[in-house]
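A short worksheet on the structure shown next.
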Ligand code: NAD
Ligand code: AHE
Ligand code: ZN
């Protein structure tokens, strides 16, 4: 079949709307008609050329929701008409990772996914016979995408896809990092660096956990109003202080926070986030994605004296078994999504969504197909 998709032809270039050929789903694969997709900073990161796994030309996008249009041979868990969220972290249930009970990472399709290919090592997308790469196994910036069965969460048929698409990455990542990775408890103090879709979702998660103090940090003060609405107790702009931000937070909290979250992808801020944690027990969770060749550093003494550095992918959430519950939590009012959708537009305007993100004017733009 043919459909419209936004193609990333090369690093730093605007996306171009093209008519692409989409091959039928093969064994274990599913054709999804995309209804909506968010635009996450990670899409911009890969488009910038900073992603070591970035390959071009590709169809980006990983925060989508849609409807099953066709299934390939052997697909048993999904049928035509099912509502689904594509997962960049699959859940096969059978690999060493899935069976470990220690992680949401799954190894079943991750290697080919990182090369922009389907599990059989080929692409389902092409233009004039030339293959176009997949992205994160999801390629949601396309009217139709082919996704492995094990990388689709079947969700409640009544969930509004133009909202719950944001559970495909940003909101789940932030809430999950707080509840699953850090395991924040009632009364804990937290600091959240970066108030985009991920940081605001961490705030939401911290409030759900009953954190007593939620310190929200950003260099763009226009983010503070929404941070307060989600439950931030303090908003701090590091530019307003001569002292390093970690010192500012330590002074505000009688020695540091119990948990901190880096939601930017800036390795200097990752260091500040670790060093603003309380001696003896404070834990810092890296969520932001940093560019090729960048490394984090701190004095080992920071760790010797009890601070812990951790990371979180997709909030530690197992997509097939746990994401449907997040969708239902939205439907029954436990998770907020609507305020995150600051802009909506059609696929033809998708480059505007990237501009709004870079200008700090949007939290999430949702593309409606
Ligand atoms: P975003 O661009 O919407 O938000 C980033 C925020 O950081 C902005 O508000 C910006 O003003 C702020 N910021 C930038 N530099 C800063 C600084 N020096 N100090 C304080 N604030 C600063 O991005 P997003 O979509 O929320 O994504 C955030 C990060 O999380 C990105 O790196 C993205 O790639 C990553 N991410 C990771 C996962 C994961 O599973 N680990 C999932 C989704 C996104
Ligand atoms: N490709 C990059 C890493 C990118 C990365 O860390 N991705 C996050 C999700 S970001 C979603 O917005 C993630 O889940 N990583 C775990 C995984 O298996 O990819 C690189 O550095 O090579
Ligand atoms: Zn994302």
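Between the C-alpha center of the stretch 38-86 and that of the stretch 229-297 there is a gap of 31 Å. Projected onto their three principal axes, the Cα atoms of the stretch 64-103 cover extents of 33, 24, 11 Å, largest first. In the distance distribution for the stretch 12-148, Cα-Cα pairs more than 20 Å apart total 45 percent. Extension gain for residue 254 to residue 342 (0.36 nm times residue separation, less C-alpha to C-alpha distance): 28.1 nm. Size descriptor for the chain, Kirkwood hydrodynamic radius: 20.7 Å (Cα pairs only, one decimal). Note on residue 1 and residue 361: their simple-model spin labels are 3.4 nm apart, each label 7 Å out from Cα toward Cβ. Enclosing the Cα atoms of the stretch 6-63 in their convex hull gives a volume equal to 108 cubic angstrom per residue.
Compared with the direct C-alpha span, the chain from residue 219 to residue 48 gains 59.4 nm at full extension, assuming 0.36 nm per residue. FRET efficiency for the pair residue 267 and residue 55, taken as 1/(1 + (r/R0)^6) with r the Cβ-Cβ distance and R0 = 41 Å, rounds to 0.95. The convex hull built on the alpha-carbon positions of the stretch 174-312 has an orientation-averaged projected area of 7.5 nm².
Could you give the angle, 0 to 90 degrees to the nearest 10, between helix 319-331's Cα long axis and the longest principal axis of the Cα atoms of the chain? Once rounded, the angle reads 70 degrees.
Picking from 190, 269, 147, which is most flexible by a Gaussian network model of the chain using Cα springs under 10 Å? It is 269. Of the Cα atoms belonging to the stretch 92-157, the radius of gyration and Dmax stand at 13.5, 45 Å. Sorted fewest first by neighbouring Cβ atoms within 10 angstrom, 142, 212, 272 come out as 212, 272, 142. Extending 7 Å from Cα along the Cβ direction at residue 94 and again at residue 281 yields two label points whose distance is 4.3 nm.
Using the Cβ-Cβ distance between residue 21 and residue 247 with R0 set to 45 Å, the FRET efficiency from 1/(1 + (r/R0)^6) comes to roughly 0.20. Taking the DSSP beta bridges with both ends in the stretch 174-312, the antiparallel portion is around 0 percent. Taking 35 Å as R0, compute the FRET efficiency from the Cβ-Cβ separation of residue 120 and residue 331 and round it to 0.05. The value I calculate is 0.45.
Its alpha carbons considered, the stretch 120-217 gives a radius of gyration followed by a Dmax of 18.0, 59 Å.
Any read-out appearing in this document is the output of simple, stated calculations on the displayed coordinates, not a laboratory observation. No experiment lies behind these values; they were computed from the predicted model shown. For neighbour counting, all protein chains shown are included, and Cβ atoms are generated from backbone atoms with ideal geometry for every residue, glycine included.
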